[in-house]
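The values are calculated or read from the model by the stated rules, or taken from the named source; none is laboratory data. Just so it is clear, the structure is predicted and the values come from calculations on it, not from any experiment. Using ideal geometry, Cβ is built from the backbone for each residue, glycine included, and neighbour counts are taken over all protein chains shown. Please note that ligands, DNA and RNA were not included when accessible areas were found on the heavy atoms of the full protein model with its side chains. Shrake-Rupley method; radii C 1.70, N 1.55, O 1.52, S 1.80 Å.
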Amino acid sequence: MTLAQLSLFLVKLLAGTGVFLVGVHLIKLVRRIVKKSMMRANAELGAIQFTDSFIKAALYVLLVMMLASSFGLDAASVVAVLGSAGVAIGLAVQGSLSNLAGGVLILVLKPFKVGDYIKESFTGHEGTVSQIQIFYTELVTPDNQTVILPNGNLANNSLVNITMQEVRRMDVTVGISYHADLKRAKAVLMGILEEDEAVLKDRDMLVFVSELGSSSVVLGVRCWFRQEDFWQGKWRVTEECKLRLDECGIEIAYDQLDVHVDGKLG
């Protein structure tokens, strides 16, 4: 390589570096403008995150093509080469393409959105949706772990959206002794539901005999809470069931075994 060629290469390298830095700045600017526009249009957070990650990937690919052209590579030739290698590339990235398609389906069909609590069947993970990206979705579990799930799996498998509805039913079971006063126990438990301010009074509030078990009469306690009140309400009602039944002298049964010894020997 002659001195002139080396000098020309260095000039192109510096120019390419400048183009890259300017391109990175412009990409950030475009992403910021799109984000603000979508926020003003009250778009869902998941749609904003997905669009942002898609624009970022597309613009960086375009920037790389421009840099290749600045170093003397013909963009048309590069596209032709990529086209001829399309089958091989498709096989190599078919998982990523499946996840991309899954992300699009999630945004279109909206089985969940950012902020929903979901449980998916493929791996059994559950948590609150924190991000919907171009290839994956992030969940935050109740113990604050981050779970990364491919969009393809979420789109092609069943899942439970626990917080999609505004209200949620609570069920608690309490086993009382067969010797206990059944009607009084039911009245005590119903009183707990009627006194709890978070229990929705316009929905069914039930106390019923769920099962005649081997060691207890199993009572079901059922009511409804708003999603934001559910867990605190369930824990509170469960604790009150124990305390109130104890106050009223109603025995909460536990598994036991009665042994009868035959007095006859030999």
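Remarks
- Scanning the range 115-155 for residues that are touching a Gly at 6+ places or on another chain (Cβ under 8 Å) and within 21 Å of Glu228 (Cβ to Cβ) yields Tyr117, Ile118, Thr128, Val129, Leu139, Val140, Thr141, Pro142.
- Residue among Leu100, Leu105, Leu82 that alone is closer than 20 Å to Ser53 by Cα, at pLDDT below 85 and either more than 16 Å from the chain's Cα centre (by Cα) or open to solvent by 70 Å² or more (accessible area, probe 1.4 Å) (or both): Leu100
- For the range 147-169, the tally of residues that are under 12 Å from the mean Cα position of the chain (by Cα), open to solvent by 60 Å² or more (accessible area, probe 1.4 Å) and farther than 30 Å from Asp204 by Cβ stands at 1.
- Any hit, the range 170-183, residues being open to solvent by 30 Å² or more (accessible area, probe 1.4 Å), within 30 Å of Ser214 (Cα to Cα), of a type outside the set (Phe, Trp, Tyr) and in a helix (DSSP H, G or I): yes
- Check on Met190, touching a residue at least 40 places away in the same chain (Cβ under 8 Å), outside any strand (DSSP E or B) and open to solvent by 20 Å² or more (accessible area, probe 1.4 Å): no
- Qualifying positions in the range 174-203 - more than 12 Å from Ile252 (Cβ to Cβ), of a type in the set (A, V, I, L, M) and more than 36 Å from the chain's Cα centre (by Cα): Leu182, Ala187
- In the range 22-70, the qualifying residues are those that are assigned to a helix (DSSP H, G or I) and of a type in the set (D, E, K, R), and the one that is most open to solvent (accessible area, probe 1.4 Å) is Arg40.
- For the range 32-59, filtered to residues that are hydrophobic (A, V, I, L, M, F, W, C) and free of Cβ contacts under 8 Å to residues at least 12 places away in the same chain, the residue that is nearest to Leu105 (Cα to Cα) is Ala43.
- Residue selected from the range 108-130 under the condition of a type outside the set (Phe, Trp, Tyr) and open to solvent by less than 20 Å² (accessible area, probe 1.4 Å), by the criterion farthest from Val160 (Cα to Cα): Val129
- Selection within the range 8-67: residues that are among the aromatic types (Phe, Trp, Tyr) and farther than 30 Å from Val114 by Cα. The member of this set that is modelled with the lowest pLDDT is Phe9.
- Where a residue in the range 12-26 is over 17 Å from Ala57 (Cβ atoms) and its partner, wherever it lies, is in a helix (DSSP H, G or I), with Cβ under 7 Å and at least six apart: Lys12/Ser70; Ala15/Ser70; Gly16/Leu67; Gly16/Ser70; Val19/Met66; Val19/Leu67; Val19/Ser70
- Those residues of the range 131-146 which are in a strand (DSSP E or B) and either surrounded by fewer than 16 Cβ atoms within 10 Å (Cβ to Cβ) or charged (D, E, K, R) (or both), in sequence order: Glu138, Val140, Thr146
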